[in-house]
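The values are calculated or read from the model by the stated rules, or taken from the named source; none is laboratory data. All of these numbers come straight from a predicted model, not from anything done at the bench. Heads up, the Cβs are rebuilt from the backbone with ideal geometry, glycines too, and the neighbour counts pull from every protein chain shown. Keep in mind that these areas ignore ligands, DNA and RNA; they rest on the heavy atoms of the full protein, side chains included. Shrake-Rupley method; radii C 1.70, N 1.55, O 1.52, S 1.80 Å.
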Amino acid sequence: METAINQTFNTKVNNLLGVNKEDAKISKTYLFVSFVILLIGGFLGLAQGLNRAGLLELPSWLNYYQILTMHGVFMLLAFTTFFTFGYLYAGLSHELGGLLPKVRKIVWTAFAAKIIGAVLVVIPILMNEASVMYTFYPPLKAHPMFYIGLVFFAVGMWLCNIGGFIQVANWRKNNKGKHVPIFSYFATGINILMFFALIPVAIEVLTLIPWSIGWTKTVNVMVSRTLFWAFGHTLVNIWYLTATSAWYVIAPKLIGGKRWSDTLTRVVIIALVIMNITGGFHHQIIDPGISLPVKMMHVFMSLAIGFPSLMTAFAMFAVFEKTARKQGGKGLIGWYKKMPWGDVRFLALFISMASFIPAGAGGIAQTTNQLDTVVHNTMWIVGHFHLTLGVTVALAFFGISYWLVPYISGRVLTPKINKLGVIQTWIWTIGMIFMSGSMHTVGLFGSPRRTSYTTYGDHATALSWDPYMMALAIGGTLLIIGVILQVYAVINMMFFAPKGETEFPIADVEENASPTPYWTERWGIWIIVMLIVVAMAYVIPLSEFILNGPPGSPGFKTW
Amino acid sequence: MTQLLVGLFMIIFLALPPVAKIMESVMIIHMHMQMPMLIIAGFLIAKFFQERYPGFFEKWNRNGLPGIMLFIIIVSFWTLPRTMDEALNEAGMEIFKFISLPLLAGIPLRDSWKRLGKIGRNVVIILFTILFFVMGWLYVDAPVQLCNNYLVIDQIILGWGFLTTAICFVIYLGYILFVDPSKYE
């Protein structure tokens, strides 16, 4: 199997000399910003959770919806994307023999665009002029600066994608007929998804800017929501694919095993890229104006995304079992004892994977119209995305940081920080069990989401939610401890840990694996298939929303 | 054998009255999902016939042209508004749809595609791109109801479905025109 073993001269030099200093600076900057944002976003989350539980009165100059918007924007848009690109570019540099000078320039420009965008987004939120939540659904109308900031942020992400494409295309030109190494293959899939998912949201934002300034009077709310979710759902899956890359590529190496099937890995990536954007529609499963047969069709399209995830689950457990048995593990489940539970790099990744079992199951429940009707506007949904993003994605990112940060900083992971990491992982997990568990439960009892603390005039039902809100606050408090420990560990590994060489742990494919077919490299074809699937999925709702559209809505400032 | 079974299962599944009813209730799903899925079913079944009767295909479809002509005729026939209406109104036409698309479009498509060569394939794609633009324009712009069974809004949606698919074909044609695979492979 040639994919991972085949190394170019540049790659070998790179391995010998360690990390490229200039490339490391890029990843270091992205990761540093990402974890600073995590820290601020974490405190905002704590304040929000305590306020929602009725334990904390916010000062008059700050309201719940401001914090809610900021927490969402920080955690969902900024923390994840800064981390993703810091991680992907470290991998691209490592695997493809260093970044091209041109690509470095593009990525730095992207960084500037993203920072400018973030600042422009945050200012109106701080001014209480954009408390529209991170979904910014019209007819809630924010200050124009908020939308302009989003444009800058999107341009930054596009530049990052383009940099990735150039880097991979250059490698392919110099390595004709070879398979793109697996980590870079993941990066390509992620970049393609993000590149195309940003198009609908960019169209949405470009219609909202003139509306927000006052040049246009009304906006088509349903079209905006549809364009948003074509992006929003894909963004979720971009984090997921980033986490998945670590499961497939990094985890086997950490446990001393090999990657199980290169073909399966690549097919999973292709399938996720083709089917993802259309999945956005299930976020609108109880929206009005869409006929039932169309919703029915979309349930199938959404559930189809579950299939590659099941393939992933199979592949992961296959790797674990094979490796553990090779190391002497026995019995039906006794082989689990052979896994390196004391290694934070593995532990965090494992919990991240395991949490995706209930998280994915919850997602499938929500995709079903009738079940979603029960939970759609409740805290259940908030619980769901704290389980998916807060555990599956965040813990994977944390697990990655324990080798990636030392790798790019030319330092090592000390046993002390490893121990701290293990403690942090458990605190985080327990905190999320409390928080996400109570959110799911109280959601089933009808507690609404996107609402600040209220007892509805001391109504008995609303009061019965209070114990769960307390559990939520306990979870939130544990999580902020987790955030502080995590950020401390990252800062320590970045600037203070002992100097040394850390490996970028990419696992090899099994020796007797069958060769990967070359059609997996034909991204041009897969992109066309993706576009046809997107066209098929969105032509019905979008045409109906536009042709049968209402007069449109003026903007509202409800806060 | 697996492909044959999958193909047959697809046809049976698509023909189940509740499945057929829900798919045929939306014009674009009827034409752009049910019909292509029937062709795909035939595409899968083709392998069985190719292995069973290699002489037949060799004799009648040596250069792929007869097969692709049959495919084009059958598919063009089913893009007409009138034929969709009749499939909904007359059982005989509905049965013909479920037989003609897999057997007379799916099977010849698979047998012809490899025989056609690069230029032949691209000619077929260009032909369908033009056809889809024309059909899209017809369905979007027609001032009257073209099908008795579907509303005007349904036919406009179908028209946009044709146009967006045609745009995807154009992107594909641009891709093969401008990207030289020998630089990478």
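The single condition among (1) within 14 Å of chain B (Cβ to nearest Cβ); (2) more than 27 Å from A:PHE356 (Cα to Cα) that A:GLU204 does not meet is (1). Filtering region A:319-353 to residues that are hydrophobic (A, V, I, L, M, F, W, C), open to solvent by less than 60 Å² (accessible area, probe 1.4 Å) and closer than 28 Å to A:VAL412 by Cβ leaves A:VAL319, A:PHE320, A:ALA324, A:MET339, A:VAL344, A:PHE346, A:LEU347, A:ALA348, A:LEU349, A:PHE350, A:ILE351, A:MET353.
When we screen B:MET23, B:MET10 for residues that are within 12 Å of chain A (Cβ to nearest Cβ) and of a type outside the set (Asp, Glu), the only hit is B:MET23. Scanning region B:1-41 for residues being closer than 19 Å to B:LEU163 by Cα and in contact (Cβ under 8 Å) with a residue 40 or more places away in the chain gives a total of 7.
Out of curiosity, is A:ILE546 among the β-branched types (Val, Ile, Thr) and open to solvent by less than 60 Å² (accessible area, probe 1.4 Å)? In short, no.
Look at region B:26-45 and say how many of its residues are more than 14 Å from B:PHE98 (Cβ to Cβ) and within 13 Å of another protein chain (Cβ to nearest Cβ). Steps first, please.
First, the residues of region B:26-45 that are more than 14 Å from B:PHE98 (Cβ to Cβ): B:26-29, B:31-33, B:43-44.
With within 13 Å of another protein chain (Cβ to nearest Cβ) added as a condition, the list becomes B:26-29, B:31-33.
Count: 7.
Does region B:157-176 contain at least one residue that is free of Cβ contacts under 8 Å to residues at least 12 places away in the same chain, aromatic (Phe, Trp, Tyr) and surrounded by fewer than 20 Cβ atoms within 10 Å (Cβ to Cβ)? Yes; the residues of region B:157-176 include at least one that is free of Cβ contacts under 8 Å to residues at least 12 places away in the same chain, aromatic (Phe, Trp, Tyr) and surrounded by fewer than 20 Cβ atoms within 10 Å (Cβ to Cβ). Looking at A:THR188, is it in a helix (DSSP H, G or I), open to solvent by 40 Å² or more (accessible area, probe 1.4 Å), of a type outside the set (Lys, Arg) and within 29 Å of A:ALA246 (Cβ to Cβ)? Spelling it out, it is not the case that A:THR188 is in a helix (DSSP H, G or I), open to solvent by 40 Å² or more (accessible area, probe 1.4 Å), of a type outside the set (Lys, Arg) and within 29 Å of A:ALA246 (Cβ to Cβ). Residues in region A:456-467 include at least one that is modelled with pLDDT of 90 or more and either buried (at least 18 other Cβ atoms within 10 Å of the Cβ) or under 30 Å from B:ILE153 (Cβ atoms) (or both). If you filter region B:136-165 down to residues that are more than 10 Å from B:MET27 (Cα to Cα) and assigned to a loop (DSSP other than H, G, I, E, B), you find that the one that is farthest from the other protein chains (Cβ to nearest Cβ) is B:ASN148. The residues on offer are B:ILE119, B:ILE130, and the sole one that is modelled with pLDDT of 95 or more and exposed (fewer than 15 other Cβ atoms within 10 Å of the Cβ) is B:ILE130. Of all the listed residues (A:VAL103, A:VAL122, A:VAL107), the sole one being in a helix (DSSP H, G or I) and open to solvent by 10 Å² or more (accessible area, probe 1.4 Å) is A:VAL122. Every test in (1) more than 30 Å from A:TRP403 (Cβ to Cβ); (2) open to solvent by 10 Å² or more (accessible area, probe 1.4 Å); (3) assigned to a helix (DSSP H, G or I); (4) not aromatic (Phe, Trp, Tyr) is passed by A:ILE305 save one, and that test is (1).
Name the residue, out of B:GLY64, B:GLY106, B:GLY55, that is on the phi > 0 side of the Ramachandran plot and open to solvent by less than 80 Å² (accessible area, probe 1.4 Å).
None of the other options fit; the residue is B:GLY64.
Scanning region B:44-96 for residues that are touching a residue at least 40 places away in the same chain (Cβ under 8 Å) and touching a Leu at 6+ places or on another chain (Cβ under 6 Å) yields B:ILE45, B:PHE48, B:GLY64, B:PHE71, B:PRO81.
How many residues does region A:394-427 hold that are among the basic types (Lys, Arg) and surrounded by fewer than 17 Cβ atoms within 10 Å (Cβ to Cβ)?
Number of matching residues: 2.
Of the residues that sit in region A:155-166 and are open to solvent by less than 10 Å² (accessible area, probe 1.4 Å) and either within 24 Å of A:ALA271 (Cβ to Cβ) or aliphatic (A, V, I, L, M) (or both), which one is nearest to the other protein chains (Cβ to nearest Cβ)?
First, the residues of region A:155-166 that are open to solvent by less than 10 Å² (accessible area, probe 1.4 Å): A:156-157, A:160-161, A:163-164.
Next, from what is left, pick out any that are either within 24 Å of A:ALA271 (Cβ to Cβ) or aliphatic (A, V, I, L, M) (or both): A:157, A:160-161, A:164.
Numbers: A:MET157: 22, A:CYS160: 22, A:ASN161: 17, A:GLY164: 16 Å.
That would be A:GLY164.
For region A:417-464, name all the residues that are on the phi < 0 side of the Ramachandran plot and not in a helix (DSSP H, G or I). Within region A:417-464, A:PHE445, A:SER447, A:PRO448, A:ARG449, A:THR451, A:SER452, A:TYR453, A:THR454, A:THR455, A:HIS459 meet the criteria. Identify, please: which residue in region A:80-100 is among the hydrophobic types (A, V, I, L, M, F, W, C) and crowded, with 23+ Cβ neighbours inside 10 Å and is, among those, farthest from A:SER27 (Cα to Cα)? Out of the qualifying residues, it is A:LEU96.
Residues in region A:492-517 that are of a type outside the set (D, E, K, R) and open to solvent by 50 Å² or more (accessible area, probe 1.4 Å): A:PHE495, A:PHE496, A:PRO498, A:ASN512, A:SER514, A:PRO515. Where helices (runs of 4 or more DSSP H) fall wholly inside region B:27-125, the ranges with 1 or more residues that are among the aliphatic types (A, V, I, L, M) are B:35-52, B:65-78, B:81-89, B:91-99.
Annotation: A:PHE504 fulfils all but one of (1) within 27 Å of the chain's Cα centre (by Cα); (2) more than 14 Å from chain B (Cβ to nearest Cβ); (3) not in a loop (DSSP other than H, G, I, E, B); the unmet one is (3). Scanning region A:127-160 for residues that are under 18 Å from A:ARG225 (Cα atoms) and either within 19 Å of the chain's Cα centre (by Cα) or aromatic (Phe, Trp, Tyr) (or both) yields A:MET133, A:TYR134, A:THR135, A:PHE136, A:TYR137, A:PHE146, A:TYR147, A:LEU150, A:ALA154. Among the residues making up region A:509-546, those that are out of contact with any helix residue (DSSP H, G or I) (no Cβ under 8 Å at 6 or more places or on another chain) and more than 13 Å from every other protein chain (Cβ to nearest Cβ) are A:GLU510, A:GLU511, A:ASN512, A:PRO515.
Would you check if B:SER76 is surrounded by 16 or more Cβ atoms within 10 Å (Cβ to Cβ) and of a type in the set (S, T, N, Q)? Criteria not met by B:SER76.
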